[in-house]
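**Student:** A single structure is presented below for examination.
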Amino acid sequence: MKIVLTLVGMALVTIAPRVLPLLLLSTRKLPGWLRTWLEYIPVAVLAAMLLPALMTMDGSINLASDNMFLWISIPCFVVAWRTRSLLGTVGTGLLLVMAARWLGW
Amino acid sequence: MPEIHRNIEAKHGHPVLKGMEMALPVVLGYLTVGFAYGMLARNAGLSLLQSGLMSLIVYAGSAQLISVGLFAAGVPPLSIILTTFIVNIRHLLMSAALAPYFEQWRTMEKVAFGLELTDETFALHSSSFSMGMPAKATVFAVNITSQAAWIAGSLLGAVLSGQVADISTFGLDFALPAMFIALLVVQIKDYRHIVVAVTAGLLAVLLYVNGIDQWHVLMAASLAAGLGVLLWQPVQE
């Protein structure tokens, strides 16, 4: 029971930040600077989630050759830029990681 | 622009099928990460039902993986709940960024959408909405398909816990980073987006390696977007 109550608490604190801005901001006229700020948020959030995943290993920056994800991300960026295809980019990444591991990277 | 639209979304078909197709990369990632979560949850002492319940009502990848570690360490409930809150507070930004698209939606629909807003569904929706609002059925199909994959992965992992399989064999642990790459690239409209994205990314790395590994996304993204406002007040119009 204690575990289930903990889970309910976890759900409530997760739901609030997901739902409240949507309810409070969607029908309000926002000032211009805030709208501009919100327009920059998607690229900023995506980059802030992505770069630590590519540039760090075990909690520290690693730009060396053993950071496989970093080096494989480069052809993925190229494919994404040239094709603008989501599945094409993901497919390229999966194939390259699979091949790299098979070759012992 | 129509070119981008065509590739990010499905080319044709029923709006629900379109949403399911859009969610495919998320499904690959969620099945595998969910599987890992399920195995760890059982090892931490959660029952099969509790492991699945967390994926149903909390539905937050990194928070769930962290909480499982805390459950295993016998950390008190309040502390687990507070940690979950800190880990998930970044969704404030994502919910706020999408809010302007929901002016016409009913309250219950907004709530239903927000419940299934994750890093990955945010990434899909933010690029898709910016190219024109899709049908509601498509939007919800993306969300429901994604969470279904998360729950399925969790349950599979919880059931097969102990009979470990190595998910890295198929490169699937790279599915979500690769998806973020594609969705970031298609949202870069001009040099201002590049400046904001690079600033946010490098700032996040710096915060992360200096021990701020829960607040880094929220802080880095807010500051970098703020820089964008300071440098170039009106984005367009």
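Each reported figure results from applying straightforward, stated rules to the coordinates on display, with no laboratory input. Predicted model, so just to flag it, every value in this text is computed and none were measured. Please note: Cβ atoms are built from the backbone with ideal geometry, for glycine as well, and neighbour counts cover all protein chains shown.
**Student:** Could you give the radius of gyration (one decimal) and Dmax (whole number) of the Cα atoms in the range B:2-173, in Å?
**Tutor:** 17.0, 53
**Student:** Over the range B:188-237, what number does the Rg to Rh ratio reach, with both radii from the alpha-carbon atoms and Rh per Kirkwood?
**Tutor:** Result for the range B:188-237 is an Rg/Rh of 1.05.
**Student:** Continuing with the same structure: Pairs of alpha-carbon atoms within less than 8 angstrom and 6+ residues apart define the contacts here; what relative contact order does chain B have, in percent?
**Tutor:** The value is 33 percent.
**Student:** What is the Rg over Rh value, at two decimals, for the range B:95-236, using alpha-carbon atoms and the Kirkwood definition of Rh?
**Tutor:** 1.01
**Student:** Further, regarding this structure: Pick from A:L46, A:L23, A:L94: which is most flexible by mean-square fluctuation in a GNM of chain A where alpha carbon atoms under 10 Å apart are linked?
**Tutor:** A:L23
**Student:** Starting from one equal scatterer on each C-alpha and no solvent at all, send me the Debye-based log10 I(q)/I(0) for the protein assembly as shown at q = 0.12, 0.14 Å⁻¹, two decimals.
**Tutor:** -0.85, -1.21
**Student:** Sort out for me the Cα centre separation of the range A:49-105 from the range B:174-237, rounded to whole Å.
**Tutor:** 18
**Student:** Let me ask another. Compute the acute angle (0 to 90°) between the alpha-carbon long axis of helix B:175-187 and the principal axis of greatest extent of the alpha-carbon atoms of chain B; round to the nearest 10°.
**Tutor:** The helix B:175-187 is inclined about 10 degrees to chain B.
**Student:** While we're on this one: Just to confirm the number: angle between the C-alpha axis of helix B:24-43 and the first principal axis of chain B, 0 to 90 degrees, nearest 10?
**Tutor:** Roughly 30 degrees between the two axes.
**Student:** Hey, another quick one. Given axes a ≥ b ≥ c from the Cα gyration tensor, I'd like to know whether chain A is rounded (a/c under 1.5), prolate (a/b larger than b/c) or oblate.
**Tutor:** In terms of gyration-tensor shape, oblate.
**Student:** What 222 nm value per residue comes from the helices of the protein assembly as shown, counting each DSSP H run with n ≥ 4 as -39,500 (n - 2.57) and dividing by all residues, nearest 500 deg cm²/dmol?
**Tutor:** Dividing the helical sum by the residues of the protein assembly as shown leaves -24000 deg cm²/dmol.
**Student:** In sequence order, what are the phi-derived ³J(HN,Hα) couplings for the range B:75-84 according to the Karplus relation 6.51 cos²θ - 1.76 cosθ + 1.60 with θ = phi - 60°, rounded to whole Hz, with x for glycine and proline?
**Tutor:** 5, x, x, 4, 5, 5, 5, 5, 4, 4
**Student:** Would you please name the chymotrypsin sites (Phe, Trp or Tyr not before Pro) within the range B:191-235 that are DSSP coil residues with at most 11 other C-beta atoms within 10 Å of their C-beta?
**Tutor:** Nothing satisfies the criteria.
**Student:** Just how large is the dipole of chain B about the Cα centre, in debye to the nearest 20, putting +1 at every Lys and Arg Cβ and -1 at every Asp and Glu Cβ?
**Tutor:** In total the dipole reaches around 220 debye.
**Student:** Moving to a separate point now. Over chain A, what is the relative contact order in whole percent, taking alpha-carbon pairs under 8 Å and six or more residues apart?
**Tutor:** Relative contact order, chain A: 14 percent.
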